[in-house]
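Novice: Attaching a single structure in structure tokens format; questions to follow.
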Amino acid sequence: MSDVQTPGSTAGQATSESPTVATAAANAPTAATGRRRGRWGLPQAALPRHLLLLLVAAVAGVLLLEVADRFTHTQIATVAYYAVAAAGLTVLTGLNGQISLGHGALMAVGAYTTALFLENQDNPWPLPLIFLVSIAITTLVGAVVGVAAARLHGPYLAGATLALAVGLPGLALVFPETLGGNQPLTFRRPEPPAWWQDASFFLSGSQPSNQKWQAYLGLFGVLLTFFLLANLMRSRIGRTWRAVRDQEVAAELAGIRLGSWRVLAFVVSSACAGLAGALLAFTLGSVSALSFTLVLSLSLLTAIVIGGLGSLLGALIGAVMLVFLPELARTLGSGQGLSDTEAAQLSPLVYGIVLVIVMLFAPAGLVGTIRLRWLSARAKRARARVGGE
């Protein structure tokens, strides 16, 4: 989708616009974005540009899924639910400046809701409706948390969401008969629709697998989420979030109700977490409280930090690294003669080293640093042209 990089001051990265400009932009007409000069031949207006990028990404994703094997399909499905959750978190943390350590718990709400509905095979609901209900319930939980956390800042907000991440998945132990307790809550996934099987067979010439169906669902979830968030971030809502993030006092003087906009950011981010949890449950075929530990929430936060806070492309890059970097570390460890256990223990070390390197040499994240250097180079060329005249 569109590279919407809005580095914020929350994680110490450079800010692309001053507080005064950000606050004034919050009340500027949306048409201002459409008057910007298009890059690389893309349409100038945000919506047509994002529609074009959506089409290109959809075609590329279909081609990738049709040539990949079953194991790669599972990896892509895993990347998909990580990317959806990371995209929602980058809106909350990178765009609005609220640090959340509890997104793993919100994913658990969506996952358990999906599992409970799919567990009833006597009269199952349509899968899209189950996903919508999971998103709605998670959004409601996120709204309650957002209202409670609207007046909290910095470590206080992080501590409150940390308690959410630790306590909410523990409900499975309180209601073991319904949520499974320590044991996974398993269910039988519905079969893919006939029209999709026919279309996939027409494209690939072979009978599609369940893993490919899961990857296609993940691809659809990522494309839909990124398209909606990209337009939201380019709208007046996104500019208001940036104003609240950059300078609270100036935003409040401009008539912006800080608490309401923070709650709205939490609601949007929770909806993404609900969809991510639903995709996770469908991909794994079971749900366990052990899948939603604090490590999951911290992994999502490190993913958006590495990719670049406030950037959807950065969220996608971070999700890809979450899935493929540990696998790469295990492969390299096995190639060096390490046992399977030793190679698995090497993965967190490699990921930590990568995180430290990124923080040292790309403090704005990978996407943020590249964008800042590109803007700096463009400014130098502009000054050189003015000096030459």
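The values are calculated or read from the model by the stated rules, or taken from the named source; none is laboratory data. In this text, all values refer to a predicted model and were calculated from it rather than measured experimentally. Every residue, glycine among them, receives a Cβ derived from its backbone with ideal geometry; neighbour counts consider all protein chains shown.
Conditions (1) touching a residue at least 60 places away in the same chain (Cβ under 8 Å); (2) part of a loop (DSSP other than H, G, I, E, B); (3) among the hydrophobic types (A, V, I, L, M, F, W, C), marked per residue:
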{"residue": "ARG151", "(1), (2), (3)": "yes, yes, no"}
{"residue": "LEU162", "(1), (2), (3)": "yes, no, yes"}
{"residue": "ASP198", "(1), (2), (3)": "no, no, no"}
{"residue": "GLN207", "(1), (2), (3)": "no, yes, no"}
{"residue": "TYR216", "(1), (2), (3)": "yes, no, no"}
{"residue": "GLY221", "(1), (2), (3)": "yes, no, no"}
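Novice: Please name all residue pairs, on different chains or six or more residues apart, with Cβ atoms under 7 Å, provided the first residue is in the range 309-338 and is part of a loop (DSSP other than H, G, I, E, B) and the second residue is surrounded by fewer than 17 Cβ atoms within 10 Å (Cβ to Cβ).
Specialist: SER311/ASP3
Novice: Another question about this same structure. Taking the range 111-170, which residues are among the acidic types (Asp, Glu) and either more than 21 Å from SER288 (Cβ to Cβ) or under 21 Å from the mean Cα position of the chain (by Cα) (or both)?
Specialist: Residue satisfying the conditions is ASP122 alone.
Novice: Taking ALA281 as the residue in question, decide whether it is among the hydrophobic types (A, V, I, L, M, F, W, C) and closer than 30 Å to ASN210 by Cβ.
Specialist: yes
Novice: State whether one or more residues within the range 37-53 are at pLDDT 90 or above and either within 30 Å of GLY181 (Cα to Cα) or touching a Cys at 6+ places or on another chain (Cβ under 9 Å) (or both).
Specialist: There is no residue in the range 37-53 that is at pLDDT 90 or above and either within 30 Å of GLY181 (Cα to Cα) or touching a Cys at 6+ places or on another chain (Cβ under 9 Å) (or both).
Novice: Then there's this: Which one is surrounded by the fewest Cβ atoms within 10 Å (Cβ to Cβ), of the residues in the range 94-125 that are modelled with pLDDT of 90 or more and either part of a loop (DSSP other than H, G, I, E, B) or among the β-branched types (Val, Ile, Thr) (or both)?
Specialist: Ranking the qualifying residues of the range 94-125, first place goes to THR113.
Novice: Also, quick follow-up: Failed condition for GLN336, given (1) over 30 Å from ASN210 (Cβ atoms); (2) at pLDDT 90 or above, with all others met?
Specialist: Condition not satisfied by GLN336: (2).
Novice: Among the numbered conditions (1) in contact with a Lys or Arg (Cβ under 8 Å, 6 or more places away or on another chain); (2) among the hydrophobic types (A, V, I, L, M, F, W, C); (3) closer than 18 Å to THR186 by Cβ, tell me where LEU95 comes up short.
Specialist: Of everything listed in (1) in contact with a Lys or Arg (Cβ under 8 Å, 6 or more places away or on another chain); (2) among the hydrophobic types (A, V, I, L, M, F, W, C); (3) closer than 18 Å to THR186 by Cβ, LEU95 misses just condition (3).
Novice: So, in the range 167-185, exactly how many residues are closer than 13 Å to ALA111 by Cα and loosely packed, with under 12 Cβ neighbours inside 10 Å?
Specialist: 0
Novice: Another one. Have a look at LEU63, LEU52 and point out the one that is without any contact (Cβ under 8 Å) to a residue 12 or more places away in the chain, surrounded by fewer than 21 Cβ atoms within 10 Å (Cβ to Cβ) and in contact with a Leu (Cβ under 8 Å, 6 or more places away or on another chain).
Specialist: Within the list LEU63, LEU52, the selection yields LEU52.
Novice: Restricting to the range 249-284, what's the tally of residues that are under 21 Å from the mean Cα position of the chain (by Cα) and either among the hydrophobic types (A, V, I, L, M, F, W, C) or outside any helix (DSSP H, G or I) (or both)? Don't jump to the end; show me each part of the working.
Specialist: First, the residues of the range 249-284 that are under 21 Å from the mean Cα position of the chain (by Cα): 261-284.
Now narrow it down to the ones that are either among the hydrophobic types (A, V, I, L, M, F, W, C) or outside any helix (DSSP H, G or I) (or both): 261, 263-268, 271-273, 275-276, 278-282, 284.
Summing the residues that are under 21 Å from the mean Cα position of the chain (by Cα) and either among the hydrophobic types (A, V, I, L, M, F, W, C) or outside any helix (DSSP H, G or I) (or both) in the range 249-284 gives 18.
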